[in-house]
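First the structure, in the form of structure tokens, and then the observations on it.
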Amino acid sequence: MTLPGLPYLVCPAPSACLTITTSSSVDLVTIHRENPFLEPPGDRDPVRRLRGRLGGQVTLWTSGTPDDRAGLTVSSLMIAAGEQGRVLGLIDPDSDLMDTLATTDLAVVSLLHYRHHNLADVFAGQVPAPGGQFKQLSQGVSWAETSWGPLLSDVTTWVGVRVESVVETGWSSLVTATIEHAEIGDDGEPLVHRRGRYQHASTSSGG
């Protein structure tokens with residue numbers, strides 16, 4: 001039930017919500033794409049706004065065994081080249097993934113494609129996951145077990161990593177992990193997250 005004159009949200013997709021305002025007359029419905037519950041720009045955290053403007057490739061970090069596994073969507077990360085490459089990611093310290101990493105020290109870091117945007121929302125905890133996050137797969141997609149953790153069967157680029165250090169950084173845990181294995185495949189249609197929304201990324205050949 002909605003009350004006339006009050007806004008409410010309709011979300012045809014997890015990352016695409018519409019605001020609908022009704023008047024006392026059922027004949028008038030106004031649709032806005034802005035979230036009515038967002039703070040005015042001047043009141044928002046400038047650091048979070050800056051981070052949102054940087055954007056980044058969306059990755060899925062997974063760790064553990066079929067009986068005890070965890071995953072998390074991560075877009076705040078970078079790759080450090082060197083004699084042994086490293087992945088640096090900002091991880092929620094209260095996440096199940098951090099608990100699992102504390103036990104295994106191992107993870108799979110997969111680069112997601114745009115077709116995975118619903119799954120990215122699942123592992124970000126943005127939408128319900130009946131039966132658990134690892135059950136929310138498209139038809140024909142499965143989990144393969146690797147030496148570093150569960151791997152989504154239809155990703156083309158991924159690395160197996162071993163945690164080297166964890167440092168509390170702001171509200172996150174900065175996880176530095178050495179790359180022990182790398183599979184580099186076709187870019188496909190990369191999933192990018194910028195300013196609170198998933199976006200298509202243009203690709204070019206090479207690399």
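The values are calculated or read from the model by the stated rules, or taken from the named source; none is laboratory data. Nothing here was measured: the structure is a model prediction, and the numbers come from that model. Glycine also receives a Cβ, built like all others from the backbone with ideal geometry; neighbour counts cover every protein chain displayed.
List of remarks:
- Within the stretch 79-91, residues that are in contact (Cβ under 8 Å) with a residue 60 or more places away in the chain sit with their Cβ atoms under 6 Å from residues that are of a type outside the set (A, V, I, L, M, F, W, C) and in a loop (DSSP other than H, G, I, E, B), at 6+ positions apart or across chains, in these pairs: 90/76.
- Residues that are part of a loop (DSSP other than H, G, I, E, B) and among the aromatic types (Phe, Trp, Tyr), drawn from the stretch 124-166: 148
- Here is the figure for the stretch 107-145: residues that are polar (S, T, N, Q) and surrounded by 15 or more Cβ atoms within 10 Å (Cβ to Cβ) total 4.
- The numbered conditions (1) within 24 Å of residue 187 (Cβ to Cβ); (2) touching a Gly at 6+ places or on another chain (Cβ under 7 Å); (3) among the hydroxyl-bearing types (Ser, Thr, Tyr); (4) modelled with pLDDT under 95 are all true for residue 62 except (4).
Yes/no per residue for (1) hydroxyl-bearing (Ser, Thr, Tyr); (2) touching a helix residue (DSSP H, G or I) at 6+ places or on another chain (Cβ under 8 Å); (3) crowded, with 17+ Cβ neighbours inside 10 Å; (4) modelled with pLDDT under 95:
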{"residue": "157", "(1), (2), (3), (4)": "yes, no, yes, no"}
{"residue": "164", "(1), (2), (3), (4)": "no, no, no, no"}
{"residue": "171", "(1), (2), (3), (4)": "no, no, no, yes"}
{"residue": "195", "(1), (2), (3), (4)": "no, yes, no, yes"}
{"residue": "204", "(1), (2), (3), (4)": "yes, no, no, yes"}
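- First in the stretch 113-135 and farther than 17 Å from residue 57 by Cβ, second anywhere and among the aliphatic types (A, V, I, L, M) and assigned to a loop (DSSP other than H, G, I, E, B), Cβ under 6 Å, 6 or more apart: 122/129
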